[in-house]
Amino acid sequence: MRSIRPHAVVCSLVWGMVLGTARADVPPDLAGQRIVEVSVEGPAADYVSAQDLGIPTNAVLSRDFVQALITKLMTSGAWIDVATYAERTEGGVHLYVDLTPRIVVVRVDLRGLDAMPKDDALRALALGEGTTLDGDILTRSEEALREAYVNIGYDAPLIRVTARETDDPGRRVVVVDVKEGAPTRVASLAWLGEKPNATLDARRAVRDLPGMVLDERELEARLRAAGESLRRAQYFEAHFVLRTVERDQTRAKVTVESHVGPQYTLEITGESPLSKGDVAEALNLEAEPLVPASEAAARERVRDLYRRLGYRFPTVEMETAPARQKGHAVLRVRIAKGAQEEVVAIAFPGATHFASDYLEGQLLSYLDEELPGSPFVDTVDSPVADRAGAGGKRDGERETPKPPNSDPRRTYYEPIYDEAIEHIADLYHSEGYLAAKVGPARLLEVDARRRVVSIPVVEGPRTFLQRVTLIGQDALTPRAVLTAAGLESRQPFSYVSLEKARVGIVDLYRDHGYYFVRVEPRVAFSRDRTRADVTFEIVEGFQV
């Protein structure tokens, strides 16, 4: 390969262009001269000619010519750096184009891996097919893989990452050679607090920690498992945190901050019409140790459980108290659910394009999918079954809690209503009502329990597609590109259809080998926002 040489001749000058600023300064004494010769310099000179690049001779040297040339070369995706130089020569100007090729990875070969899975190694390297090799990327990848090995207990791996040439000058195979060496093992384990001896599962989780390879992720997973095991046994405060790791060659001393705490009895009151099991499941006290933050989150989960049944303002209190037996405690959960409200009607004032029944159906589909219960199947109420002669008992004694209203269609649950309203707004936008506003929902009282939900709709103007223009399309026919876009004049305009059209054009070009194509859409609206003109600016890049 040749390096660019200085052009030390009378009136020879140098200029450059940065693609982002699109500047190209041409010396005044060379501007307007004919380009009689073009040469390629730099790393690409051995395998690319000016003719290969489509650079014409006999053109007039100008700022616009240089700017267009460098923009074309940079946007092709084949080059990561382009510089131009010129010198006066017999009959005109000799133009030199210095090209630094874009080198991409076609394959990564891993050698010597044993302790680390291949996928983990590739993730650490951040290298794969199509990755551009520039700067110190191989050095950074090598360091990242070395750090990943340290995290799994291999503190001194020998790693070498190299790029090998292929028949294609712009493609490389990356070879990763690894000698893992001896692992670092846990030589001693110190507990700062109580050891996890309360349950068999907890003891098993930490039993063989001394002697294990010092994989900190695995060590932390074992400690989490021990804590979860204890919390399932109602040691709700139990937690174990890896505090320090002191390495000494292939041995390590590990210190764990540990807390088991008392074994709790869970007392739940006020849960009807739900069961204590429903509330305990929502509390999910096994997931995290019982601390103020997790306690607040648990209370909110229980409140949300009742809100999903139409109890809009439930309160949940939690308190702990010592038990008579040493090492035990009581966790009391008191629920005051309040009144259950019932939605008796849903209205969409202002809606004209879509029928209210259709909009209500869209909303109800969200409620049916997300909320508990069903409009068709409910909990069996044992006194009702007795009166119907199907309960088997005649003493009127209730066997199950009185079932709540479990019809999701009669329940106002604000988060799901918000999701459904956003979906309805998207429906309007997809039909060309780009400025449509839907909601927010308002609750109107019928009486103490019954409510009407009002969801206002402001549709605004409807926008239709008027014209589609292509700029930069050259390799493929306009008809093929427009067919791939799938847009038709007078169809309702939406940004969803615009993005679908952009993706369609990109896919078409890539099917023809233009993997670096870029498609940028622009939209111009009429003053009244009823018409839209779309322009697709296409930078085709080079064909692979």
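The values are calculated or read from the model by the stated rules, or taken from the named source; none is laboratory data. This is a predicted model, so every value here is computed, not measured. Every residue, glycine as well, gets a Cβ built from its backbone with ideal geometry; the counts of neighbours run over all protein chains shown.
Mind listing whichever residues of region 225-249 are modelled with pLDDT under 90 and in a loop (DSSP other than H, G, I, E, B)?
Gln249
Please verify whether Ser258 is buried (at least 17 other Cβ atoms within 10 Å of the Cβ), assigned to a helix (DSSP H, G or I) and at negative phi, treating the condition exactly as stated. Give the steps one after another, and end with the answer.
On the way: buried (at least 17 other Cβ atoms within 10 Å of the Cβ): yes; assigned to a helix (DSSP H, G or I): no; at negative phi: yes.
Judged against the criteria, Ser258 is not a match.
Filter the strands (runs of 3 or more DSSP E) completely within region 2-114 down to those with at least 2 residues that are more than 38 Å from the chain's Cα centre (by Cα) and modelled with pLDDT of 85 or more.
Numbers: elements: 13-15, 35-41, 79-89, 92-101, 104-111.
Those strands (runs of 3 or more DSSP E) span 35-41, 79-89, 92-101.
Would you say Asp426 is in a helix (DSSP H, G or I), farther than 20 Å from Val517 by Cβ, not assigned by TED's automatic domain parsing to the domain that holds Val523 and not aliphatic (A, V, I, L, M)?
Values: in a helix (DSSP H, G or I): yes; farther than 20 Å from Val517 by Cβ: yes; not assigned by TED's automatic domain parsing to the domain that holds Val523: yes; not aliphatic (A, V, I, L, M): yes.
Here the answer is yes, as Asp426 does meet what is asked.
Criterion first (touching a Phe, Trp or Tyr at 6+ places or on another chain (Cβ under 8 Å) and either farther than 15 Å from Ala282 by Cα or touching a residue at least 12 places away in the same chain (Cβ under 8 Å) (or both)) does Gly327 satisfy it? Outline the logic, then answer.
On the way: touching a Phe, Trp or Tyr at 6+ places or on another chain (Cβ under 8 Å): no; either farther than 15 Å from Ala282 by Cα or touching a residue at least 12 places away in the same chain (Cβ under 8 Å) (or both): yes.
So Gly327 does not fit the description; no.
Kindly establish whether Ala293 is touching a strand residue (DSSP E or B) at 6+ places or on another chain (Cβ under 6 Å) and either under 24 Å from Pro415 (Cα atoms) or touching a residue at least 24 places away in the same chain (Cβ under 8 Å) (or both). Spell out the reasoning first.
Values: touching a strand residue (DSSP E or B) at 6+ places or on another chain (Cβ under 6 Å): no; either under 24 Å from Pro415 (Cα atoms) or touching a residue at least 24 places away in the same chain (Cβ under 8 Å) (or both): yes.
So Ala293 fails the test.
Looking at the structure I just gave you, is Pro314 in contact with a Phe, Trp or Tyr (Cβ under 8 Å, 6 or more places away or on another chain), within 30 Å of Glu220 (Cα to Cα) and not assigned by TED's automatic domain parsing to the domain that holds Gly227? Write out each step before concluding.
Numbers: in contact with a Phe, Trp or Tyr (Cβ under 8 Å, 6 or more places away or on another chain): yes; within 30 Å of Glu220 (Cα to Cα): no; not assigned by TED's automatic domain parsing to the domain that holds Gly227: yes.
In short, no.
Quick grid of which residues meet (1) part of a strand (DSSP E or B); (2) closer than 18 Å to Leu219 by Cβ:
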{"site": "Met116", "(1), (2)": "no, yes"}
{"site": "Asp119", "(1), (2)": "no, no"}
{"site": "Gly128", "(1), (2)": "no, no"}
{"site": "Gly153", "(1), (2)": "no, yes"}
{"site": "Ala163", "(1), (2)": "yes, no"}
{"site": "Val176", "(1), (2)": "yes, no"}
{"site": "Arg204", "(1), (2)": "no, yes"}
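Considering only region 266-280, state which residues are without any contact (Cβ under 8 Å) to a residue 12 or more places away in the chain and either assigned to a loop (DSSP other than H, G, I, E, B) or surrounded by 14 or more Cβ atoms within 10 Å (Cβ to Cβ) (or both).
Within region 266-280, the first condition is being without any contact (Cβ under 8 Å) to a residue 12 or more places away in the chain, and the residues that meet it are 276-277.
Once the filter is applied, which keeps residues that are without any contact (Cβ under 8 Å) to a residue 12 or more places away in the chain and either assigned to a loop (DSSP other than H, G, I, E, B) or surrounded by 14 or more Cβ atoms within 10 Å (Cβ to Cβ) (or both), region 266-280 yields only Lys276.
I'd like to know if region 297-307 contains one or more residues that are small (Gly, Ala, Ser), part of a loop (DSSP other than H, G, I, E, B) and surrounded by 14 or more Cβ atoms within 10 Å (Cβ to Cβ).
We begin by selecting, within region 297-307, every residue small (Gly, Ala, Ser); these are 297-298.
Subsequent filtering for residues that are part of a loop (DSSP other than H, G, I, E, B) retains none.
No: region 297-307 contains no residue that is small (Gly, Ala, Ser), part of a loop (DSSP other than H, G, I, E, B) and surrounded by 14 or more Cβ atoms within 10 Å (Cβ to Cβ).
Could you tell me how many of the residues in region 435-453 are in a loop (DSSP other than H, G, I, E, B), of a type in the set (A, V, I, L, M) and either exposed (fewer than 13 other Cβ atoms within 10 Å of the Cβ) or more than 34 Å from the chain's Cα centre (by Cα) (or both)? Quick ask: steps written out before the conclusion?
Taking region 435-453 first, the residues in a loop (DSSP other than H, G, I, E, B) are 435-436, 439-441, 446-449.
Cutting the leftovers down to of a type in the set (A, V, I, L, M) gives us 435-436, 441, 446, 448.
Remaining after also requiring either exposed (fewer than 13 other Cβ atoms within 10 Å of the Cβ) or more than 34 Å from the chain's Cα centre (by Cα) (or both): 446, 448.
Total meeting the criteria: 2.
Applying the selection to region 510-520, what residues are crowded, with 17+ Cβ neighbours inside 10 Å and modelled with pLDDT of 95 or more?
Within region 510-520, the subset crowded, with 17+ Cβ neighbours inside 10 Å is 514, 516-517, 519.
Matches in region 510-520: Val519 only.
Just to be sure I understand, how many residues within region 288-310 are aromatic (Phe, Trp, Tyr) and touching an Asp or Glu at 6+ places or on another chain (Cβ under 8 Å)?
Residues of region 288-310 that are aromatic (Phe, Trp, Tyr), as a first pass: 306.
Filter once more, so that each one left must be touching an Asp or Glu at 6+ places or on another chain (Cβ under 8 Å): none.
Total satisfying the criteria: 0.
Just one of Thr463, Thr469 is in contact (Cβ under 8 Å) with a residue 12 or more places away in the chain and in contact with a Gly (Cβ under 6 Å, 6 or more places away or on another chain); which is it? Write out each step before concluding.
On the way: Thr469 fails: in contact with a Gly (Cβ under 6 Å, 6 or more places away or on another chain).
None of the other options fit; the residue is Thr463.
Filter region 333-352 for residues that are out of contact with any Phe, Trp or Tyr (no Cβ under 7 Å at 6 or more places or on another chain) and surrounded by 15 or more Cβ atoms within 10 Å (Cβ to Cβ) and give the result.
Val333, Ile335, Glu342, Ile346, Ala347, Phe348, Ala351
Kindly provide the set of residues from region 108-129 that are among the acidic types (Asp, Glu) and surrounded by 15 or more Cβ atoms within 10 Å (Cβ to Cβ), ordered by number.
Of everything in region 108-129, just one residue is among the acidic types (Asp, Glu) and surrounded by 15 or more Cβ atoms within 10 Å (Cβ to Cβ), namely Asp120.
Which one is farthest from Val241 (Cα to Cα), of the residues in region 155-207 that are free of Cβ contacts under 8 Å to residues at least 40 places away in the same chain and among the hydroxyl-bearing types (Ser, Thr, Tyr)?
Out of the qualifying residues, it is Thr162.
Within region 130-151, take every residue that is polar (S, T, N, Q) and part of a helix (DSSP H, G or I) and give me the one that is surrounded by the most Cβ atoms within 10 Å (Cβ to Cβ).
Our first condition is that a residue be polar (S, T, N, Q); within region 130-151, this holds for 131-132, 139, 141, 151.
Subset that is part of a helix (DSSP H, G or I): 139, 141, 151.
Numbers: Thr139: 10, Ser141: 21, Asn151: 15.
So the residue we want is Ser141.
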